[in-house]
Amino acid sequence: MSNSIEENSVVYFKDDRSKHPYLVHQVIGKNNIILGLKDFPEIEQDFSVAEDDISLFETEEEIELAEELIKELLN
């Protein structure tokens, strides 16, 4: 498993205590990452975020739950 943020990674905002997952659409650079919308992950947000503001999920359980929620929102 990769520890770097790349397209199709599932991430959360570090300051979000609920760790709501977001789907990564594009990684243009360390400070230019495009995420999907919170409730519509297939639609790109119209702004980018810095890698320092987001994080990959760490435990296998967190990863599975986050990916499952993204799949549900995509359907």
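Taken together, the values in this text are just the output of simple stated rules run on the coordinates, not laboratory data. None of the values given here were measured: they were computed from a predicted structure. Using ideal geometry, Cβ is built from the backbone for each residue, glycine included, and neighbour counts are taken over all protein chains shown.
The figures follow:
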| item | result |
| --- | --- |
| Extension gain, LEU65 back to HIS20 (0.36 nm per residue minus Cα-Cα distance, nm) | 15.2 nm |
| Structure-derived Cα Rg over 2.2 N^0.38 Å: which label, when the choices are [x] 0.99; [y] 1.20; [z] 2.25 | [x] |
| Two-site label geometry, PHE13 and GLU51: point separation in nm, points 7 Å out along Cα→Cβ | 2.1 nm |
| In the chain, lysine pairs with alpha-carbon atoms under 17 angstrom apart (chain gap of 8 or more, or interchain) | 5 |
